[in-house]
Amino acid sequence: MAEPIKLSIDGKPVTVPPGTLLIEAAKQVGIEVPSFCYYPGLSLQGACRMCLVAIEKMPKLQTACTTVVTNGMVVHTDTPEVANTRKSMLEFLLTNHPLDCPVCDKGGECELQDAVFRYGAAETRFLEGKLHEEEKKFSNLVYYDRPRCILCFRCIRVCDEGMDVNAYGIGFRAAHSEIIPNRGEQLECEECGMCIDICPVGALTSGTYRYKTRPWEVTYTGTICNHCGDGCRTTLSVRNNVVIRANNRDHSGLNGEFLCVKGRFGWDFVNSERRLKSPLLRKNGKQEEASWEEALTFTVERLKTILAEHGPGAVAVIGSNRTTNEEDYLLQRFARTVLGTNDIDHHRTADFSSLVRALTEAGATDRYATIEDISAAKSLLLIGNDPTHQHPLIAYQIRQAVRQHGARLYIVNSREIKLRRQSSQYLQVKPQGEAEAVRALAGQAPAAQDLCAGGTGALTALADALKKESDTVILFGDEIQGQTVNDLVTCGLTLPGKTRFVALGDYANSRGAADMGLLPDTLPGYQPLSNEKARERMESAWAAKIPAAPGRNIRSIFEGIRAGEIKALLVFGANPVKTFGLDNAALTGLQLLFVAELFRTETAELANVVVPAASFAEKSGTVTNTCGEVQALKRTMRQAGTRSDLEILLALARLFGQRWTYQSPEDVLREIIALVPGYDIPLPSLLVGRAVPTHPEGRPPALERPDLVFSSRDSLFTSGTLSRYSWALNSVDEAKKPYGHAF
Amino acid sequence: MADYRNPMLGSPLEVKVLTRRFDLANSASIAVYVAHEGYQALKKAFGMKPDEVINEVKKSNLRGRGGAGFNAGMKWSFVPGQTTKPKYVVSNADESEPGTCKDRVLMEYDPHQLIEGIVIAGYAIQSHQGYIYIRGEYRYLMDILDRAIEEAYAQGYLGKNILGSGFDFDLATHTGAGAYECGEETALLNSLEGLRGYPRVKPPFPALIGLYGCPTIINNVETLSNVPHIISHGGDWYAKLGTPNNGGTRLFCLSGHIERPGIYELPMGFPLRQMIEDVGGGVWHGKKLKCVIPGGSSCPVLTADEIDVPMDFDSLARIGSMLGSGGVVILDEDTCMVKAAWRIMKFYAHESCGWCVPCREGTHWLKTLLERFHSDGGMPDDPDTALDVSYNILGKTLCPLGDAAAMPMISILKKFRHEFEEHLKLGSCPYEKRAVNVA
């Protein structure tokens, strides 16, 4: 560790590590040096000149954002010259600024406004006509107002350096300079909206938020995005019970300022007019609106009849990738103890069970990587998956790792994914060749000569390179499952340092669904049903019997329905008809199809009973991201007529005569903390908005068949069924590009 | 009547070093160049150690002819000797300073002199690749240079193992797209790399991190053209041509209201009054002198009372101006200084790259203010506002373009304040009214 640097700023002694920028050093002693173009993590610009400060022995004022501190430096930020400079820079910026603050989206949260208030002058001496440009529509989601733009270049840099998209450039020159899309008149990009969020003024505005409100007229609630499995923190702005914006307002949480197009714009399904508002009950072959009581009573009566006539083996349950841990936990409790069936499963998008088993058997359950581990990694191995589309935050963190501290990225993929631009070695294997590559890397089976373009030599080169790295983070998609996960973990753990692992699952709570035991053979916390001790532990906590025999997996459930063995199917927050490509006849044998959903999906259309469920914005609870970090959802608003899956389950249990005592999601969470191995997390950390890592430990049974784990391969603009109901996600031209298109 | 197509009118007071071959027929051809001492300096340099070449240039007190006047040998010595990166020599031929047209003739009449200078510089810093960055408007010069480079390759003065020395050097030309800003060295490098011509944050300086992130020296065409003479005749000889600390001769471009506008090679420290009166034949039409811009439009102007000054970097700095790029612009007594300031500011407002706030907004402000002041009527506060705006630009911009705009403005506002007051009193331009009466 190099010697720290000692300097003085406004008479205050400051000690900082070498290489620190003066503007950051000042921050550490509570001295604000104003700036527009400086943005931590982006390249230095020195363009706005707001941060000019006086440094003794230097003839001119220096920009604090580009000056690296040196020992003995004596800095003054409070001299009349500095104050006058700040004032004059603001005067310059306002010369051609329209000062349309009363109608500007940014009014009230504008960095220029704040700076003028604090450092500027009330009047201008600029008597000339202002330059004007008409507003431009860059896309349905991004608008640009040149007169408001202060040309800080943050948008260009975040797009180049953060997103690796390079959608923006500068057009024209001098006072006529303006931000322009690099390819034609329109943006052609990932539509992440980072440029809007990072804009210090109202120059770049959001197509979904503009001219809707004043920022002080909305309620802000920090919650977790419900789309992919990365678990970005987001702040929902709600006005009159309508979500009008999402941005990670305080840049807190594991994603900082990052949000992708789904996180920033894809929440509008919550407000969709096609949301179900009332339960539907099939009467005379037609779904008709019914009361909650009617719908639930009908369901329970029908279930009771089926259970009485055919026994618990005639009832199956399909859970969700998006519902909360609490709901998933209760759902499997309901299935196992109330319905008495282990026929419960969900659409598994990554083989979390195999990862947990492999790490447990290797005694390495401290090797689950967090999102932070990814951005801090010095070496990354990505096998399969296309994080740019399927895991935008993880893709961002990988790029950060490469750009900010020169991490090496190694990729094994059958497709030319965009992240290969950041890779040190990119091994393109033949289609579905990822698993073979892993087995070859692990020395389990030799690779075929035609596995990858460079022959097996490329594979050897990759293996050699990895052996020289340390603390590698290994990320893998659904391409790696079952025994191959075990091979990968065994091989990974032989690499130098602390190798960590991430299984990449699709949705907001894909990981939680597995953790909470929405699986036919596994209790919460990856305890196998066959483990008598584990079973007894849950039985005593729930004061009920759990059937000992493993249930049917999701494919067997469909087969059971076809065979007429299963008479009732309960579906919570899933659309298996679409996901599994079921034909119309697949579910016709059912006597009861109960669906709890936000929308009338393909599955809901076939149901006898459909109940309107609450969306993520309308409920509290916790979700676990693909790295195993638990975060809290916070209820933001209400949607008349809907109930959360938790409330639905509690009502069903009550109608079954159960005396469950849960009053709130938190009560369920306390039980999870107490009972589920790996989930003994500190509740206060969770409640203050932290992402709390879990370390599950267990030996769940081996994967039964290869078609149980598969990713939906969502693109940046799709999110299972939900994206269909988002105007924003469907409004951009880029959504029509073929899957995997790299911008 | 002077022949305006040939700017080399000649004067008995000239000391011809760089321009010595200009009068020869076919002076741009390699045959003429070689027949008149051409590439002899290169041979001599190969007999010296690279450090010795740098020391010779240091000894010559050759100062950058682009405008800043930084010691060229010193600049070269900042390039790290031990580095795994390639190094580059870039010749700045983006001659854009208003009033300046000397690099043009150096490239037009004696391109091999420049090429030889570049190869010697390359040898001195052990670089193997050079570029000549030519302003877009000089497109025709690129053809001349490309032909010269081709000749030099054919005769072994460029390429592999030059003159059997074992030293390799390649050279290529590149044009800009018409931006004054690209004359600033880091903006030039960006432009050369194919990026927009924006300046870079300094430090790091190009000598350490320049073209493609590698150590780079960037020198003006005239600076590099001097190098062969310094090597041939020695640094001491060269230093003695000028005044202390200001070695050699300089190509001065006399323009404006003068009898014999043209380019004259005069020793450093040549008196300005003599330059105007004896070399340039005095102010045109027998009029009186009002003002001189001594070194391109970015220099603070001198009044008629201030012209008893030797034309070297230090003497002009002493009286608050600059030698700049050698573009001496003469303004006669009938010139409206408000309009002159407006015209100058129109240039800078047009050429500001738009990167940093004070220059982008300030030059635009000054231009529009002066336009209104001159043409549509001024306000009493305008001169003070313009002065304050200029000071708010000065020293606060990322690159020197802001200073270049502010300095002439400040000097005109201070030295010719009375003309602003006259405009205010009359409500219109006193000079234009006179012009109307005469007509």
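The values are calculated or read from the model by the stated rules, or taken from the named source; none is laboratory data. Just so we're clear, the structure is a prediction, and the values are computed from it rather than from any experiment. As a convention, Cβ positions derive from the backbone with ideal geometry for all residues, glycine included, and neighbour counts pool all protein chains shown. With ligands, DNA and RNA removed, areas are computed over all heavy atoms of the protein, side chains included. Shrake-Rupley method; radii C 1.70, N 1.55, O 1.52, S 1.80 Å.
The table for this structure:
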{"quantity": "Residues (touching a helix residue (DSSP H, G or I) at 6+ places or on another chain (Cβ under 8 Å), closer than 24 Å to B:ILE330 by Cα and of a type outside the set (Gly, Ala, Ser)) located in the range B:80-103", "calculated": "B:ASP94, B:GLU95, B:GLU97, B:PRO98, B:LYS102, B:ASP103"}
{"quantity": "Given (1) crowded, with 16+ Cβ neighbours inside 10 Å; (2) within 14 Å of chain B (Cβ to nearest Cβ); (3) of a type outside the set (Phe, Trp, Tyr); (4) under 28 Å from B:SER390 (Cα atoms), index of the condition A:GLU81 fails", "calculated": "(1)"}
{"quantity": "Candidates A:TYR143, A:TYR168, filtered to the one that is outside the structural domain of A:PRO387 (by TED's automatic domain parsing), hydroxyl-bearing (Ser, Thr, Tyr), touching a residue at least 60 places away in the same chain (Cβ under 8 Å) and crowded, with 18+ Cβ neighbours inside 10 Å", "calculated": "A:TYR143"}
{"quantity": "Output for the range B:253-290, where each listed residue is in a strand (DSSP E or B) and not aliphatic (A, V, I, L, M)", "calculated": "B:CYS253, B:SER255, B:GLY256, B:GLY262, B:TYR264, B:GLU265, B:PRO267, B:PHE270, B:PRO271, B:LYS290"}
{"quantity": "Total residues in the range A:173-188, condition at pLDDT below 95 and more than 14 Å from chain B (Cβ to nearest Cβ)", "calculated": "6"}
{"quantity": "Conditions (1) at pLDDT 95 or above; (2) open to solvent by 10 Å² or more (accessible area, probe 1.4 Å): number failed by A:ALA614", "calculated": "(2)"}
{"quantity": "Helices (runs of 4 or more DSSP H) (entirely within the range A:644-700) containing at least 1 residues that are over 29 Å from A:THR297 (Cα atoms)", "calculated": "A:665-675, A:683-687"}
{"quantity": "Single residue of B:SER411, B:SER375 found to be away from every other protein chain (no Cβ under 12 Å), within 23 Å of the chain's Cα centre (by Cα) and among the polar types (S, T, N, Q)", "calculated": "B:SER411"}
{"quantity": "Residue ID - nearest to the chain's Cα centre (by Cα), chosen from residues in the range B:337-366 that are away from chain A (no Cβ under 14 Å) and open to solvent by less than 10 Å² (accessible area, probe 1.4 Å)", "calculated": "B:ALA341"}
{"quantity": "Options B:ARG196, B:ARG250: the member that is farther than 22 Å from B:GLY122 by Cβ and in a loop (DSSP other than H, G, I, E, B)", "calculated": "B:ARG196"}
{"quantity": "Some residue of the range B:285-303 being of a type in the set (Lys, Arg) and buried (at least 16 other Cβ atoms within 10 Å of the Cβ)", "calculated": "yes"}
{"quantity": "In the range A:134-172, the residues that are more than 14 Å from chain B (Cβ to nearest Cβ) and part of a loop (DSSP other than H, G, I, E, B)", "calculated": "A:GLU134, A:GLU135, A:PHE138, A:SER139, A:ASN140, A:LEU141, A:ASP145, A:MET163, A:ASP164, A:VAL165, A:ALA167"}
{"quantity": "Checklist (1) under 28 Å from A:GLU289 (Cα atoms); (2) among the aliphatic types (A, V, I, L, M); (3) buried (at least 16 other Cβ atoms within 10 Å of the Cβ); (4) at pLDDT below 95 applied to A:ALA640, failing item", "calculated": "(3)"}
{"quantity": "The range B:25-49, residues that are of a type in the set (A, V, I, L, M) and at pLDDT 95 or above", "calculated": "B:ALA28, B:ILE30, B:ALA31, B:VAL32, B:VAL34, B:ALA35, B:ALA41, B:LEU42, B:ALA45, B:MET48"}
{"quantity": "Conditions (1) in a loop (DSSP other than H, G, I, E, B); (2) within 22 Å of A:ALA335 (Cα to Cα); number of the one not met by A:ILE561", "calculated": "(1)"}
{"quantity": "Single residue of the range A:104-118 satisfying the filter (open to solvent by 40 Å² or more (accessible area, probe 1.4 Å) and not basic (Lys, Arg)) that is nearest to the other protein chains (Cβ to nearest Cβ)", "calculated": "A:GLU111"}
{"quantity": "Conditions (1) closer than 30 Å to A:LEU259 by Cβ; (2) among the hydroxyl-bearing types (Ser, Thr, Tyr); (3) assigned to a helix (DSSP H, G or I); number of the one not met by A:THR305", "calculated": "(1)"}
{"quantity": "Any hit, the range A:579-596, residues being touching a residue at least 24 places away in the same chain (Cβ under 8 Å), assigned by TED's automatic domain parsing to the domain that holds A:PHE334 and in contact with a Ser or Thr (Cβ under 6 Å, 6 or more places away or on another chain)", "calculated": "yes"}
{"quantity": "Residues of the range B:50-60 classified as within 30 Å of B:GLU277 (Cα to Cα) and either modelled with pLDDT under 95 or surrounded by fewer than 19 Cβ atoms within 10 Å (Cβ to Cβ) (or both), total", "calculated": "0"}
{"quantity": "Where B:LEU189 falls short, out of the listed (1) surrounded by fewer than 24 Cβ atoms within 10 Å (Cβ to Cβ); (2) touching a residue at least 60 places away in the same chain (Cβ under 8 Å); (3) away from every other protein chain (no Cβ under 14 Å)", "calculated": "(1)"}
{"quantity": "Selection status of A:VAL158, within 30 Å of A:ASN509 (Cα to Cα), open to solvent by less than 10 Å² (accessible area, probe 1.4 Å), of a type outside the set (Ser, Thr, Tyr) and modelled with pLDDT of 95 or more", "calculated": "yes"}
{"quantity": "Qualifying position, being open to solvent by 30 Å² or more (accessible area, probe 1.4 Å), in contact with a Ser or Thr (Cβ under 8 Å, 6 or more places away or on another chain) and within 10 Å of chain B (Cβ to nearest Cβ), among A:LEU44, A:LEU61, A:LEU52", "calculated": "A:LEU44"}
{"quantity": "Unique match (being at pLDDT 95 or above and open to solvent by 10 Å² or more (accessible area, probe 1.4 Å)) among A:ALA308, A:ALA316", "calculated": "A:ALA308"}
{"quantity": "Pairs with Cβ under 6 Å, 6+ apart, first in the range B:158-179 and farther than 30 Å from A:ALA174 by Cβ and of a type in the set (Phe, Trp, Tyr), second modelled with pLDDT of 95 or more and open to solvent by 20 Å² or more (accessible area, probe 1.4 Å)", "calculated": "B:PHE167/B:TYR123; B:PHE169/B:HIS128"}
